[in-house]
Amino acid sequence: MKHSVLAAFAGAVLAVSSVPALAEVNVALGKPVTAIGAFGTGSGYFGGGPIPPLPAKSIVTDGIFQGGAWTDGFWWDEQNSGTHNYVQVDLQGSYDLDRVALMVDNNDVYLVEAAAGGSWVPLGTVPEVCCSGLMRRDLVLAAPVTTDALRLSGVYVNAPGHDFAYSVSEIQAYAVPEPAVWQLCLAGLALLAAVAVRRSTAANAGRRPTSA
């Protein structure tokens, strides 16, 4: 009986261990976006031609890393608008973040900040990259940061190749698994083990003794 119980428990452990590891969750998906400043106007980068239409700000949290020209994202021009802009995402809940992924214009530096205690705390910057247009950059945090909102802004760099034209088409924020999730996994392990033990006990009880 003892060996059968141990075998049943071991089987339950193997069953749980075969379940894929919990994936990170993009907690910014579909969350409200607030645009602070002047967007889609005042740009001097079109040679006097028509200014492209500004996409809806909701693309920033639609879960799609949309590439293309900088005007295909939610764009702004701080040189001619005279404002310093922010794109803010309300996470609608507090999360422990360990990574932020961005799709932003290639030749600019961007600052990512998190709301904390009524103020904004820098999480870090993402640098410029090669090529052109909207390019993905990931910001991996040294330690999880608890926050309920993020905001993105452009950082002007006075160097060749940089400008005041910024754009973002995606902001994703990844949360580490909540303690409750791990507790749920442990509870599931205990339940599987209990079921396995019960079945083993019932099977042993149903066996008829063999005659000598």
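The values are calculated or read from the model by the stated rules, or taken from the named source; none is laboratory data. The structure presented is a predicted model; accordingly, all values stated were derived computationally and were not measured. Cβ atoms come from the backbone with ideal geometry, glycine included; neighbour counts cover every protein chain shown.
Here is a yes/no grid of residues against (1) part of a strand (DSSP E or B); (2) out of contact with any Asp or Glu (no Cβ under 9 Å at 6 or more places or on another chain); (3) farther than 19 Å from Phe164 by Cβ:
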| position | (1), (2), (3) |
| --- | --- |
| Thr71 | no, yes, no |
| His84 | no, no, no |
| Met103 | yes, no, yes |
| Leu111 | yes, yes, no |
| Cys130 | no, yes, yes |
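One line per residue, one yes/no per condition, for (1) of a type in the set (Val, Ile, Thr); (2) surrounded by fewer than 18 Cβ atoms within 10 Å (Cβ to Cβ); (3) modelled with pLDDT under 90:
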{"site": "Asn80", "(1), (2), (3)": "no, yes, yes"}
{"site": "Pro127", "(1), (2), (3)": "no, yes, no"}
{"site": "Ala142", "(1), (2), (3)": "no, yes, no"}
{"site": "Ala173", "(1), (2), (3)": "no, no, no"}
{"site": "Ala180", "(1), (2), (3)": "no, yes, yes"}
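Just to be sure before I move on: is Arg99 within 22 Å of Phe39 (Cα to Cα) and under 16 Å from the mean Cα position of the chain (by Cα) in the structure I sent?
no
With (1) under 16 Å from the mean Cα position of the chain (by Cα); (2) at pLDDT 80 or above; (3) surrounded by 14 or more Cβ atoms within 10 Å (Cβ to Cβ) as the list, and Val109 as the residue in question, which single condition is left unmet?
(1)
Is it the case that some residue within region 69-88 is over 20 Å from Thr41 (Cα atoms) and of a type outside the set (Val, Ile, Thr)?
There is no residue in region 69-88 that is over 20 Å from Thr41 (Cα atoms) and of a type outside the set (Val, Ile, Thr).
Considering only region 97-144, state which residues are under 17 Å from Ala28 (Cα atoms) and charged (D, E, K, R).
Asp98, Arg99, Glu113, Arg136, Arg137, Asp138
Look at region 73-87 and say how many of its residues are in contact with a helix residue (DSSP H, G or I) (Cβ under 9 Å, 6 or more places away or on another chain) and within 20 Å of Val129 (Cβ to Cβ).
The first filter runs over region 73-87 and keeps only residues in contact with a helix residue (DSSP H, G or I) (Cβ under 9 Å, 6 or more places away or on another chain), leaving 73-74, 84-85, 87.
Filter once more, so that each one left must be within 20 Å of Val129 (Cβ to Cβ): 73-74, 87.
Residues flagged as in contact with a helix residue (DSSP H, G or I) (Cβ under 9 Å, 6 or more places away or on another chain) and within 20 Å of Val129 (Cβ to Cβ) within region 73-87 amount to 3.
Within region 25-58, work out how many residues are in a loop (DSSP other than H, G, I, E, B) and within 21 Å of Gly93 (Cα to Cα). Break it down into steps so the answer makes sense when it comes.
First, pick out the residues of region 25-58 that are in a loop (DSSP other than H, G, I, E, B): 27-32, 37-56.
From the residues that got through so far, the ones that are within 21 Å of Gly93 (Cα to Cα) too are 27-32.
Within region 25-58, residues that are in a loop (DSSP other than H, G, I, E, B) and within 21 Å of Gly93 (Cα to Cα) number 6.
Return the total of residues in region 19-55 being under 19 Å from Gly154 (Cα atoms), under 24 Å from the mean Cα position of the chain (by Cα) and exposed (fewer than 14 other Cβ atoms within 10 Å of the Cβ).
2
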